[in-house]
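Engineer: Just dropping this structure here.
Just so you know, all these numbers are worked out from the coordinates, no wet-lab data involved. Remember, it's a predicted structure, so these values are computed and weren't measured experimentally. Virtual Cβ from ideal backbone geometry, glycine too; neighbours counted across all protein chains shown.
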Amino acid sequence: MITGAGTGWEGIWSLTYAAGFGALNLAMSVPLGVGVSISYAAMDFRDAQDELEWARPNLRASGDAVRLGVLRAPQDIAEARTILDQLADAALNRAAALAEVEQELADQAALSRVMARLITARAKVTGRWA
């Protein structure tokens, strides 16, 4: 999914969508104390997705909506966090690259808001959120 996602708006949306659903699934599979921060990460992913859809209303129809499945066992939690981190990193890198070439100020602003949400979501997923 990470290497196959496009480098434009659709790719960023697809990665963010997958990370959001993955974070939601993870939040329901971990103890409450950990699940709260993961839930907040899921909300940040969703906020990033909303920003993308605001800038490009057709993304919901044109992007690939991939949902990650449920965790098989508690030992998958670390692996799930790593996968969510990789999805967020890939979306963040694509958003940063796109922001460098976008000509419209409104698009650059939207991508900046997306990147801010991806950064905070990533920190919450990995436990680096202070």
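Engineer: Could you work out how far apart the two model spin labels at D76 and E104 are, taking each label as a point 7 Å from the Cα in the direction of the beta carbon, and quote it in nm?
Structural biologist: According to this spin-label approximation, the distance is 3.9 nm.
Engineer: Could you work out the relative contact order of the chain, using alpha carbon pairs under 8 angstrom and six or more residues apart, expressed as a whole percent?
Structural biologist: 36
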